[in-house]
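Below is one structure, written out as structure tokens; comments come after it.
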Amino acid sequence: MELVIFDLETTGFSPRTHEIIQIAAVRIRHGELVAGERFATFVRPQTEIPSFISDLTGITSTDVRDAPEPAPALLAFSRFVGDATLVAHNGWRFDLGFIRENCQRHQLPTRAVPFFDSMTLSQQLWGSAKSHGLDAVMERLALAEFDHHRHDARGDVALLAAAVRTMWQRLGAPPRPLPRPVGHRPPPAINPPTSFLHSLRPPTLQLKTTMPTCKYCGTKASSISNLTISVCHRHPSGANKGKHVLYEGAEKARYSCKHCGTNAPDLANLTASLCHRHPMGAHKGRHEAAL
């Protein structure tokens, strides 16, 4: 099994409003770190890096001034990834959101790749622990910082690679792509100059609507009157500024959260909101599309 462990640094926490400023990755093959197989690049954002991000990561606007823009940086990362399985810590909620948003923003073609979140390894080892963040994992494994500043992607991937190998050994089995390889089929042939990472979500679902459903947020109700008297948090006129609007396409493709059953007319609407039945805890994780 070949893994590419990666990390991003960004100007903030929202994929829609903030930007990638650094990408770093290392390769693990058959459980061993591959010497010389490293990827690292700064990425030039369109805005200045906030001071609190510079304090956290050590990355300043001067560092990224001559860096590549997001599209060429992401394409170079795609070439480095190749056919490997991607691994990131809390990547399902954070890193992949930024990759997905940047692919859409810069109109980059995409491809399916297998992925798993290394946080699941921590959850398998220390299921009762309150935190499974990288700092908590480092403390449990007694890992020290490497050559780079913590929250510098180059340092974080080195730490994460050591953590993944150790957790893998303690579990006594190779990590499994979780929740599943994208699309339930092998990745298609790679065309490095023009292809990039898929959004890593299941394909469009064909579901039948049997209850009145809001076309903007996916809320269901027992009757149309009950649906349309309450406000919609995703109404085009603004959050909670308009009523639910009946979704009339009985056969139209929609997305449903695998944890709580919430429906949405498209994937972006589904994954933008928090799930009250998420395995990480109520309202601690976003909705995830079901199969």
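The values are calculated or read from the model by the stated rules, or taken from the named source; none is laboratory data. Everything numeric here is computed off the predicted structure, so don't read it as measured data. Reconstructed Cβ throughout: ideal geometry from the backbone, glycine too, with neighbour counts over all protein chains shown.
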Failed item in (1) in contact with a strand residue (DSSP E or B) (Cβ under 7 Å, 6 or more places away or on another chain); (2) over 18 Å from Phe6 (Cα atoms), with Asp55 passing the rest: (1)
Candidate set from the range 1-36 (those that are more than 15 Å from Gly155 (Cα to Cα) and more than 21 Å from the chain's Cα centre (by Cα)); member that is modelled with the lowest pLDDT: Met1
Tally, over the range 17-27, of residues that are in a loop (DSSP other than H, G, I, E, B) and surrounded by 12 or more Cβ atoms within 10 Å (Cβ to Cβ): 2
Answer from Phe80, Phe39 - the residue that is of a type in the set (Phe, Trp, Tyr), assigned to a strand (DSSP E or B) and over 17 Å from Arg165 (Cα atoms): Phe39
Positions within the range 84-124 being hydroxyl-bearing (Ser, Thr, Tyr) and crowded, with 20+ Cβ neighbours inside 10 Å, in sequence order: Thr85, Ser118, Ser122
Scope the range 114-137; condition at pLDDT 85 or above and in contact with a strand residue (DSSP E or B) (Cβ under 8 Å, 6 or more places away or on another chain); matching residues: Pro114, Phe115, Asp117, Ser118
From Lys220, Lys215, residue being over 22 Å from Phe77 (Cβ atoms), at pLDDT below 80 and touching a Ser or Thr at 6+ places or on another chain (Cβ under 7 Å): Lys220
Test: residue in the range 85-106 that is over 23 Å from the mean Cα position of the chain (by Cα) and free of Cβ contacts under 8 Å to residues at least 12 places away in the same chain: no
Selection within the range 28-60 - surrounded by 14 or more Cβ atoms within 10 Å (Cβ to Cβ) and closer than 19 Å to Asn102 by Cβ: Phe39, Ala40, Thr41, Phe42, Val43, Arg44, Pro45, Ile49, Ile53, Thr57, Ile59
Phe77, sole failed condition from (1) at pLDDT 90 or above; (2) in contact with a helix residue (DSSP H, G or I) (Cβ under 6 Å, 6 or more places away or on another chain); (3) crowded, with 18+ Cβ neighbours inside 10 Å: (2)
